[in-house]
Amino acid sequence: MPIQIIAPAPFVAADEEDDEGGVSLGLDNDGDIAMDGDAPRRTVGRQTGGIVTPGEVVTEDPQWMRGHGTYLSQPLVPGGSQSIVSSLAGTISKTNKLLSIRALKFRYVPEIGDLVVGRILEVQTKRWRVDIAAPHSATLLLSSINLPGGILRKRTSTDELQIRTFFSEGDLLVAEVQTLSNDGLASLHTRSLKYGKLRNGVFMTIDAGMVRRMKSHVLTMNTSNGGGEVDIYLGVNGYIYIAKHTTPLTESGGPEGKSVSITRLEEEASEAIYSNVNEEISPETRAEIARIACVIGALARNGVKVDEEMVHLGYEAALEEFLQGLEWGSDGEAGKRVVEAALVKRREG
Amino acid sequence: MEGLRNDGRRWNELRRIHCQLSTSSTNADGSSYIEQGFTKVLCNVTGPAEPSSRQKVKQDSATVSCEVYFAAFSGTDRIKRGRNDKKVQELQTAIQKTFSSIILTHLFSRSEITISVHILSQDGGTLAACINAATLALIDAGIPLKDYVCACTAGQSTSIFDNEGASPDPWLDVNYLEESDIPSLTVATVGDSEKIVALNMENKVRIEKLEAMIAVGISGCAKVRAIMDKEVRRHGKQKLEAQGE
């Protein structure tokens, strides 16, 4: 009978420091199993300034207040002191006497003023439910959008009946968080020409924590290879939309340079604002939009926070990669190389 | 060989454990993969998110739901297990009950946390591997837990005396052969404390043997926690370094 030899499992480097390699339980003198559970729980993260993990005692000092990501342990003896224990894997942040843990990865928690990209989930009588990647879907009231026909127009029952002509299920939009209710439910608004329905582009998602908060979350990039200008909406919630640039109607005036009255402007804007029809997008622009999407995806996958600078540097690096004759997706390492090249560029300034 | 089990381990030896976090880049909030010997389990966690149905809405806390999928090729025989399979439902309930008490659900009212477990290969200790994988995926998703939940199995040889005339030691972390041969139990603890959150046994065993089995299982859990903790820290460190650049 042939002898079959199975290759041994590769040595796991993580076990290096562990003398027992995690495979055997020590015996104490009388042959019982040594109970590791009796040892006090370690507080490694605090000393190394690194990471705390769930169940780790952060402090026993009663002067600290417990914040997010922590809980108070049950005292060992009745009336004994309680210690602050971590409930997340993350880093400790201290604000005066408040101890909180910031998780390495978390779901988006809406805050007032955040620019978010969302998708309509449901149309109700006077509002929409919008998915913004938060624990609860947000609401967008009919009264907090720009109605066609100017900002001063009265909302009528006809608008309520025609609610689907503004946004219907599945539509993408960019909005701002207007209010938060007591239990964290967000209410959005699009009452600015910066916000509204999204089209002419692609939608992508990354982890919410990977978008760095910036002054402006709408970037306009000049792309190469005849791609023209491209708009990037970096939602704080990790939803991203990359679209062909459209000239925004600003209050400074129309194309001729003469200023238009605000009401007139609204009328002009409104005609196109809720259209579902994409403009003609050239293949060059499509290619550059796809390239930017790949760059943002690669940055997020490799743990680099996405901001304006990194998108620009990453895009440049991707172009250089492209010029070397390497195609995206030809090997799995392309994204990593681009991110590394972008980081080198940033260090060089 | 004296005192060795059929796969060459001693009575108190765990199988090799390999675990990974953030394994899936799809729309799961947290994901993990764990190998305990040849038992291989993949876990995805979504949430806290809007509940999928009205019945799952709780006004003051989050609902924990669990879905278990057995790959048809995971066992020795090719078996397709549907949604209503007894084994699947039993695992789902066990995992869901375990984590409902450990996740700090009161922080997320009217939302749902979904744990979906995919069993890719079974070689004993399936429930234990599922629980361990779910713990890692929940940590990856940034969902607050009281502590790690670690699970481990322990078996008891049915012979009354071993070769030296003493009563035989319980076996830690049984594999598939041992599991089908001797009575075994799965025990899950809160971190490395001795608080048991899940205890499952499907066979009969002499009552005086039970305590030793549980004790061995509990110390196995503490070891499992140390291994998982090390991986979480390694993963976290790697992530922080990437962001710090």
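Taken together, the values in this text are just the output of simple stated rules run on the coordinates, not laboratory data. All of these numbers come straight from a predicted model, not from anything done at the bench. With ideal geometry, Cβ positions are generated from the backbone for all residues, glycine too; neighbour counts draw on all protein chains shown.
Using only atoms on other chains, find how many Cβ atoms lie within 10 Å of each Cβ of peptide B:216-223 and report the average. Can you show the working numbers first?
Working: counts 2, 0, 4, 9, 3, 2, 7, 7.
Shielding by partners across B:216-223 averages 4.
Looking at chain B, do any whole DSSP H helices span at least 15 angstrom along their long axis by alpha carbon and average 0.0 or above on Kyte-Doolittle, and which? Write down the numbers at each step before the final one.
Working: long enough: B:86-100 (21 Å, -0.72); B:126-140 (21 Å, 1.57); B:207-244 (55 Å, -0.25).
Those that pass (Cα extent of 15 Å or more, hydropathy at least 0.0) are B:126-140.
Which residue, B:A151, B:A128, B:A212, has the most motion in a Gaussian network model of chain B that connects Cα atoms within less than 10 Å?
In the Gaussian network model the winner is B:A212.
Inside 10 Å of the C-beta atoms of B:140-150, what's the mean count of C-beta atoms belonging to other chains?
Values: counts 4, 5, 14, 6, 10, 8, 6, 9, 5, 2, 0.
Whole-number average of other-chain Cβ neighbours for B:140-150 is 6.
Given the options B:G47, B:A94, B:S180, identify the residue whose Cα lies farthest towards the positive end of the charge dipole of the stretch B:17-236 (+1 on Cβ of Lys, Arg; -1 on Cβ of Asp, Glu).
Positive-most Cα among the choices belongs to B:G47.
Any idea how far apart B:D60 and B:A72 come out in nm if each label point goes 7 Å out from Cα toward Cβ?
Once both label points are built, they end up 4.7 nm from each other.
Provide the FRET efficiency to the nearest 0.05 for the B:D85-A:K94 pair, computing r from the beta carbons and using R0 = 45 Å.
Values: r = 50 Å, r/R0 = 1.11.
In this case the efficiency is close to 0.35.
Calculate the spin-label point distance for A:Q124 paired with A:E333, positioning each point 7 Å from the Cα along the beta-carbon direction, and give it in nanometres.
Result for the modelled spin labels: 5.3 nm.
Pull up the cross-link candidates among the lysines for B:K58, meaning alpha carbon to alpha carbon under 16 Å and not fewer than 8 places away within one chain.
Partners within reach: B:K97.
Quote the FRET efficiency, to the nearest 0.05, computed for A:T247 versus B:E202 with a Förster distance R0 of 60 Å and r equal to the Cβ-Cβ distance. Please report the intermediate quantities before stating the final value.
On the way: r = 69 Å, r/R0 = 1.15.
Step by step, r from the Cβ atoms, then E = 0.30.
Once you average over the residues of B:191-197, how many Cβ atoms of partner chains fall within 10 Å of each Cβ?
3
For the cross-link pairs B:K146/B:K237; A:K336/B:K230; B:K80/B:K239; B:K87/B:K223; B:K87/B:K146; B:K86/B:K209, which exceed 30 Å when the distance is taken from alpha carbon to alpha carbon? Don't jump to the answer; show the numbers that get you there.
Values: B:K146/B:K237 22 Å; A:K336/B:K230 25 Å; B:K80/B:K239 38 Å; B:K87/B:K223 28 Å; B:K87/B:K146 28 Å; B:K86/B:K209 28 Å.
Pairs exceeding the cut-off: B:K80/B:K239.
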